[in-house]
Each structure stands twice: as structure tokens, then as C-alpha cells.
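Peer 1: Would you mind keeping the following structure in view while I ask a few things?
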Amino acid sequence: MEVSSNTPAVVTGGASGLGEATARAIAAKGAKVAIFDMNEEKGEAVAKDIGGIFCKVNVMSDEDVDAGFAKAREAHGQERILVNCAGIGNAIKTAKRDKQTGEISHFPMQAFEFVIQVNLIGTFRCIAKSAAGMMTLDPINEDGARGAIVNTASVAGEDGQIGQAAYSASKGGVIGMTLPIARDLMQEGIRVNTILPGIFNTPLMNAAPPQVKDALAASVPFPKRLGNPEEYARLAMTMIECGYFNGEDVRLDGAIRMAPR
Ligand SMILES: NC(=O)c1ccc[n+]([C@@H]2O[C@H](COP(=O)([O-])OP(=O)(O)OC[C@H]3O[C@@H](n4cnc5c(N)ncnc54)[C@H](O)[C@@H]3O)[C@@H](O)[C@H]2O)c1
């Protein structure tokens, strides 16, 4: 599906990192981008820069997501593109013994549920509501294409590290639901694909000390560096534009396979 001038698009998590790079890449084609994010300041700034709009949306909230789509559709028309990048993580062991005190504790259930709510259910919420909207559109080519959806999982959905039980479960869920959703939507001409990023140079990673970032870069087989958000955006654009790309979970990781820690 060619991204042409004025194609309406929605990017969740578009205020920062991978989502921001993708919002910029889609807008560079002339498309009209609505950014769904909780970070109002950064989201407004990016939206202004790319000639799009910002919608303050917490993907955990049904009301927020409904209001976001209503605002985006009123401004730009029904979106044909949805990219899901909103996401969070935490690092807590399933159960652990404190080295000093010997005290035993376990992963707080609320913290587990929170990550699943944002990364997995939040992604599904946006997909379901966007797909229902795309189904009202006329097909735009002889294949019967109506729209394209790209999700963001993580290599941690396949090789999660110590402390990543919740994060890996949430991303594994995104990986697992990609094919059945593509099958659910096949008769409607809506394609669904998922990217599994390795380690990318985003504000999330910039918080790490330089020696940690250097060690992470050294652990990538080739190229020996973190991924650039623009490289993520390039794959997202291919998934959107290549009409035969459907139902795929694709690693984008410089061949890294994560070690236990
Ligand atoms: N950076 C990496 O190395 C990496 C690796 C694998 C996967 N990922 C995934 O890529 C996605 C983007 O990560 P990033 O590195 O660009 O992070 P980032 O923190 O730079 O951007 C994430 C954006 O999502 C927004 N967000 C968070 N929770 C939200 C919610 N409930 N509702 C709406 N918006 C919300 C944040 O405000 C932020 O703007 C995430 O899903 C992350 O898990 C990142």
C-alpha cells in the first residue's frame, strides 16, 4: 500500500524513540499523522514539527483510545495506517532472596499486570478499534487493500532476560497474536505485521550509563552498535508499503540473541 500524500495514519508512542522516527518517516511521504501518547509536551512538539496532530492517549484506557481515534479521524479522516509503538518495561525477578537480609519476595502482581495492560492489551485495543474503522473504507487497489497495521514486540518476546517475565510475556503475546489477527482481517484487506527490535538507541536507552551502552553495542554480532530508530522506521515503512507483507513477526536486531543477563 503506497503511502501517499494525505494518507491518514496513527502512531502510538509517537512522541519518542521508535514511534517518533516512524511518525516522521510516514509524514515525510506527505501522510497526515496523529500521534497517540501520554507525553503531551514531546507529543505536541513532534506533531507540530511534522504537520500532524497530537492526541493525549493512554493506551490502557478504552475512553482515551476512543477519543483519540475520534479526534484523529475528524482532523484527517479514517486512518489507513496504524503503528503501535507505545510500550513500557520493568525488571523484577519472579521470586528472589535478598543477599543481605535473606528476605524472600516475589514479583508484585500489579506490576506484572500493568506491563501486560500497556504492551499487550493496549496494542490489541488500538488494533481492534482501528481495524473496525478501516473496514468502513473503500479498498484502494485491485488486491482489495484497505489498510496496514504494524506492531512493536521485542526480541525479549523470544529470548527474555532475567527480570523480564512480564515484559517478555507481553511481547510474546504481541508476537503470538499477529498471525491470528492477520487471519481475522484477511477478508477485509487489512494486513498486520510485527517488528521485534533488538537494542535501539532511543531515550529509553539513553538513560543508561555510557559503559552499559558500550557493552550492549559490543554484544551485537554485526553491526556492533545499537540500532537507529530510523532503521526501525524503514522496516515499518516496508511492512506498510509492501502489499505482500502479512502475518509476519520479524526480528530487527543485528543477529543478537540475548543472554540470560
Ligand atoms: N529501544 C529499544 O531498544 C527497544 C527494544 C525492543 C522493543 N522496544 C519497544 O519499542 C517500543 C518503543 O520503545 P522506545 O525505545 O521508542 O521507547 P520510548 O520510551 O522512547 O517511547 C515510548 C513512548 O510510548 C509512550 N507510552 C508509554 N506508555 C504509554 C501508554 N500507556 N499510552 C500511550 N503512550 C505510552 C511514552 O510516553 C513514549 O513516548 C516499546 O514498545 C518498547 O517496548 C524498544
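Peer 1: Under a point-charge model restricted to the Cβ atoms of Lys and Arg (+1) and Asp and Glu (-1), what is the dipole moment magnitude of the stretch 132-261 relative to its Cα centre, in debye to the nearest 20?
Peer 2: Charge dipole of the stretch 132-261: 580 debye, to the nearest 20.
Peer 1: With a 1.4 Å probe and all protein chains kept in place, how much accessible area does THR202 have, in Å² rounded to the nearest 10?
Peer 2: That residue has around 20 Å² of solvent-accessible surface.
Peer 1: Which sequence of LYS224, LYS99, LYS42 reflects their accessible areas, 1.4 Å probe, from the largest down?
Peer 2: Output order, biggest surface exposure first: LYS99, LYS224, LYS42.
Peer 1: What ranking of ARG225, ARG191, ARG73, ARG234 comes out by heavy-atom accessible area, probe 1.4 Å, highest first?
Peer 2: Ranked list, largest accessible area first: ARG234, ARG225, ARG73, ARG191.
Peer 1: Over the stretch 157-261, give the accessible area per residue in Å² for a 1.4 Å probe, as an integer. Show your work: numbers first, answer last.
Peer 2: Working: 5310 Å² over 105 residues.
I get 51 Å² per residue for this part.
Peer 1: Of the accessible area of the stretch 4-88, with the probe set at 1.4 angstrom, what percent is carbon plus sulfur?
Peer 2: 47 percent
Peer 1: What is the gain in length, in nm to one decimal, between ASP49 and ALA28 on full extension, counting 0.36 nm per residue of separation less the C-alpha to C-alpha distance?
Peer 2: Working: separation 21, 0.36 × 21 = 7.56 nm, distance 1.09 nm.
Difference between extended and current length: 6.5 nm.
Peer 1: Same structure again: Can you tell me the accessible area per residue over the stretch 1-151, all protein chains present, probe 1.4 angstrom, in square angstrom?
Peer 2: I get 49 Å² per residue for this part.
Peer 1: Continuing with the same structure: Which value in deg cm²/dmol, rounded to the nearest 500, describes the helix-derived mean residue ellipticity at 222 nm for the chain, given -39,500 (n - 2.57) per DSSP H run of n ≥ 4 and division by the residue count?
Peer 2: Computed ellipticity for the chain at 222 nm equals -12000 deg cm²/dmol.
Peer 1: Starting from the residue with the highest accessible area, list LYS129, LYS93 in decreasing order, probe 1.4 Å.
Peer 2: Descending accessible area places them as LYS93, LYS129.
Peer 1: So which chymotrypsin sites (Phe, Trp or Tyr not before Pro) in the stretch 166-261 are both in a DSSP loop and have at most 10 other Cβ atoms within 10 Å of their Cβ?
Peer 2: On the way: sites: TYR167, PHE200, TYR232, TYR244, PHE245; in loops: TYR244, PHE245.
Here the chymotrypsin sites (Phe, Trp or Tyr not before Pro) that fit, given the DSSP loop and packing criteria, are TYR244.
Peer 1: I want the local charge near SER168. Using Cβ-Cβ distances under 10 Å, sum +1 for each Lys or Arg and -1 for each Asp or Glu among the other residues.
Peer 2: Net charge around SER168: -1.
Peer 1: Once the piece of chain linking ARG257 and ARG234 is laid out straight, how much longer is it, given 0.36 nm per residue of separation minus the C-alpha distance between them?
Peer 2: 6.1 nm
Peer 1: Let's see if you can work this out: charge +1 on each Lys and Arg Cβ, -1 on each Asp and Glu Cβ, no other charges. What is the dipole magnitude of the chain about its Cα centre, in debye to the nearest 20?
Peer 2: That gives a dipole near 720 debye.
Peer 1: Give the residue list of GluC sites (Glu not before Pro) in the stretch 44-151 that are DSSP loop and have at most 11 other beta-carbon atoms within 10 angstrom.
Peer 2: Working: sites: GLU44, GLU63, GLU74, GLU79, GLU103, GLU113, GLU142; in loops: GLU79, GLU103, GLU142.
Loop-located and lightly packed - GLU103, GLU142.
Peer 1: In nm, to one decimal, how far is the modelled label at SER219 from the one at GLU41, with both set 7 Å along Cα→Cβ?
Peer 2: Here the answer is 3.1 nm between the modelled labels.
Peer 1: Just grab the label-to-label distance for LYS96 and LEU204, each label 7 Å out from Cα along the Cβ direction, in nm (one decimal).
Peer 2: 1.9 nm
The values are calculated or read from the model by the stated rules, or taken from the named source; none is laboratory data. This structure is a prediction, so every number in the text was calculated from the model and none was measured. As a convention, Cβ positions derive from the backbone with ideal geometry for all residues, glycine included, and neighbour counts pool all protein chains shown. These area figures cover heavy atoms from the full protein model, side chains too; ligands, DNA and RNA do not enter into them. Shrake-Rupley method; radii C 1.70, N 1.55, O 1.52, S 1.80 Å.
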